1. So which residues in the stretch A:21-36 are without any contact (Cβ under 8 Å) to a residue 24 or more places away in the chain and either facing chain B (nearest Cβ under 10 Å) or of a type in the set (Val, Ile, Thr) (or both)?
2. Taking the condition of being part of a helix (DSSP H, G or I) and either under 18 Å from residue B:432 (Cβ atoms) or modelled with pLDDT under 95 (or both), how many residues in the stretch B:354-368 meet it?
3. From B:128, B:95, grab the single residue that is touching a residue at least 40 places away in the same chain (Cβ under 8 Å) and under 25 Å from residue B:423 (Cα atoms).
4. Enumerate the strands (runs of 3 or more DSSP E) found wholly within the stretch A:209-270, keeping only those where 1 or more residues are at pLDDT below 95 and of a type in the set (A, V, I, L, M, F, W, C).
5. Got at least one residue in the stretch B:75-88 being of a type outside the set (A, V, I, L, M), assigned to a loop (DSSP other than H, G, I, E, B) and more than 26 Å from the chain's Cα centre (by Cα)?
6. Of the residues that make up the stretch B:437-450, is at least one surrounded by fewer than 24 Cβ atoms within 10 Å (Cβ to Cβ), outside any helix (DSSP H, G or I) and of a type outside the set (A, V, I, L, M)?
7. Residues being in a loop (DSSP other than H, G, I, E, B), of a type in the set (S, T, N, Q) and surrounded by fewer than 17 Cβ atoms within 10 Å (Cβ to Cβ): count how many of those fall in the stretch B:478-517.
Amino acid sequence: MTPTLPRPSRPSAAGLLLIAAGLFINLLISLAMARASHGWMPVQASSAAPHVDGLFALETGIGTFIFLGCISVIIWTLLFNRAPRYDLVDGDPIEGNLRLEIVWTVLPFVLVMLIAAHTIRVNHTLATLGGKERVAENGAAPALTASDRAPGTTFGPIEVIARQWSWEFVYPNGVRSTELHLPLERRADLRLTSMDVLHSFYVPAFRLKQDLVPGSVIRFALTPTREGRYRLRDAMFSGGYFATNQTDVVVQDPETFDGWLAEAARQPLTEAPNLALELHRQRLADGDHGWATVPPAPPPRVNVTTAVDAPHEA
Amino acid sequence: MTGSIPFDPRVLRAPHPVPGAPDNWKRFFSFNTDAKVIGIQYMVVSLFFLLVGGLLAMIVRGELITPPSDLVDPTVYNGLYTMHGTVMLFLFLFPILNGFNNLLIPPMIGAPDMAFPRLNAAAFWLVPVFGVLLMASFFVPGGPSSSGWWAYPPVSTQNPLGHLINGQFLWILAVAISGVSSIMGAINFTTTILRMRAPGMTFFRMPVFCWTAAAAQTIQLIGLPSLTGGAIMLLFDLSFGTSFFKPEGGGDPMLYQHFFWFYSHPAVYVMVLPVFGIFSELLPVYSRKPLFGYKVVALASFAITFLGLIVWVHHMFYSGTPQWMRNLFMVTTMLISVPTGIKVFAWLGTIWRGKLRLTTPMLFCLGGVVNFIFAGITGIMLATVPIDIHVGNTYFVVGHFHYVIFCTITFGVFAAIYHWFPKFTGRMFYEGLGQLHFWLTFIGSALNFLPMHWAGLMGMPRRVASYDPEFALANVLASLGAFLLGVATIPFLLNMVSSWARGPRAPANPWNAIGLEWLLPSPPPAENFEHDVPTVIAGPYGYGLGKPLVADQDRFIARSEEA
């Protein structure tokens, strides 16, 4: 396609050595960046997290290598290929190099296809997403199927209900909570639904996110692998007090969890405190300034409310 | 034709965008059909809206400099960020790139004007119409649209006050009119490129900017009907009680996301392709070398057009999209890196062993290329389904797309403004102010958008008015960067206004560049080459080859200098 001109000069041995040394240093830096990339993430608290962080580290490493490689070319030209002030002569009229162009088309193609193939394998391993079903005409949620009640290490299903702007979790024994408690190392089956607009169930420490779509129930499964208290954030913009729509996930060892669930069942239902509602009341008290918003939905009545000031790890 | 036909002095003195000419300014406020007048109309209007959008961005960053929501009410914050995105996309980037299309396409291909001058003018005049509509939405009861620039239902159709005329209503009208304007422009630009090239200018002698413009406008023609259709359905859901997207009426909110992203992802390529063209034009000029692998770079534009139309579901990986579809769209998205990679490597090949001149346009080009390589790498990360499921809808995405839309596209826009400023105003700009503008912009943008990636990896969702204290450091840095970018516009505006008013007169070809537009006087006469159109005899980037671009080149050079 492109006319190929003979190179003005063959690269010297010293030049090749320099390039080899540069690539080696680049490789070392890229490996260091891949390793460092784990530190940019929150703690790993689900079985998905190591896979996500592994892919991220891989791509950070490859990305660093490519970025530094390209930047080195630019810096090299900036250092050594600047035109002197009154030099009006043109550069070498190199119009292309067919072999080089084929290489830089085929190599990226192979590289991204390898990354994609690897990722598809990881996706298969994670398999967090179950089916999505429309809520029936009469508003009833779709019936449970056998896969929802897999025996052994599975817990659930837990109904996850999102509103403007609150979270509510309903356990199989009828316990209602605004804080999500999960047993450690058990695959938790969640059934996500929204009462009004789109929301997104996002726990950064789990590296998992799934939208809640009004009119549908989406099945979602995850396995917590680390005890602790983590933030659960709404990640899909849901209107006026969107930013307040967060709560905590508490991962407990199964015995503590069972104790919590039994204790919770004995608690009476109370109206959960709700930050959006407080802010909205404040706004009305201050003369209702600001732009339009729907009023917050009535907060759910629950057995367990969120521990507001408890420190979260991620 | 042997003897030189000089430009008609009456034509040269006829109204042009030259300051000082009698009644010169009036034509910028009229329904003028001259592509160069329309080009400058687009540029000035869009730069005005860059300031509006920038001001909104600085209020947004002012709110986010501290964790609690304490500067404005959260509802006001939602409106501000929605309007920031909308103004920047529909009133800054699309119009300014249409400005370049108008200014550059006819002179670059040797055409006297556009194929449909009246359609062209009508397309422009729709911009102030929907601009006013959008600005008016700040003053209707309930405030402007506050559902993000995606306007996802059901949030966008909630209409809390219940008025027929509300911010969201005006927003949808504005976006629909913008779509109509863009389609009119696209028909005009593609026809001009296909039908009005100078004799001898085959497709493979056409400047890459025209290739990328054609590739981008093809996307507009294919994709925009989807967005406009989606917007109309949304309007009916909002105002007239239909339920295309309402689950309680049997609709599905996910449907809107398909309509929206089928156009709005390729829209990024509509904006970035001409900037790839700008990089491909400018790097050879300031490296004094031919564009490396010109034909492949030109063809890669259409590979991006094609692939760009089949990636939209990567915005919906966590929306309930089944696994097979996630995998499919991950593969198509990753494939885009191949044609874009070809372009990046070709630019590196172009500057390699060149004779670099680090003028303002070259600095913006190189800065834009560096930033784009970074944005490409985070783009591959976002294409990777499990990573996207973690960082999607977080500040990582905000950082990524600002690296594309500001640090690449807007850098390219600045480079092009400086590069072609002498050609279309007839005045030189002040290099010192230009360099100051570059360095403030480069440092400000890195400070603004790099820390966002970190906040996103740690789990900060986008569009929040308040956030947990662990994200404070990243947000303070980002806000400082945003304010620095605000400061960076001062030398830019100063340079543009004062250079245009009293800068030194520009010669016909101040950068010693190759291209038909540089064979015209600065500024070019109303109909460019008029009746003496040169015959193109070579490819567009003959730096160092010593071959003329057109037959009888010396005559055309003399003609442009006499004028």
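1. Scanning the stretch A:21-36 gives a single hit, A:25.
2. 6
3. Result of the check over B:128, B:95: B:95.
4. Strands (runs of 3 or more DSSP E) meeting the threshold: A:216-222.
5. Looking only at the stretch B:75-88, we keep the residues that are of a type outside the set (A, V, I, L, M), and these are B:75, B:77-79, B:81-82, B:84-86.
Filter once more, so that each one left must be assigned to a loop (DSSP other than H, G, I, E, B): none.
No, the stretch B:75-88 contains no residue that is of a type outside the set (A, V, I, L, M), assigned to a loop (DSSP other than H, G, I, E, B) and more than 26 Å from the chain's Cα centre (by Cα).
6. Taking every residue of the stretch B:437-450 in turn, none turns out to be surrounded by fewer than 24 Cβ atoms within 10 Å (Cβ to Cβ), outside any helix (DSSP H, G or I) and of a type outside the set (A, V, I, L, M).
7. 1
Yes/no matrix, rows are residues, columns are (1) more than 24 Å from the chain's Cα centre (by Cα); (2) crowded, with 19+ Cβ neighbours inside 10 Å:
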position: B:164; (1), (2): yes, no
position: B:183; (1), (2): no, no
position: B:200; (1), (2): yes, no
position: B:212; (1), (2): no, yes
position: B:222; (1), (2): no, no
position: B:228; (1), (2): no, yes
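The values are calculated or read from the model by the stated rules, or taken from the named source; none is laboratory data. Predicted model, so just to flag it, every value in this text is computed and none were measured. Methodologically, a virtual Cβ is constructed for each residue, glycine included, from the backbone with ideal geometry; neighbour enumeration extends over all protein chains shown.
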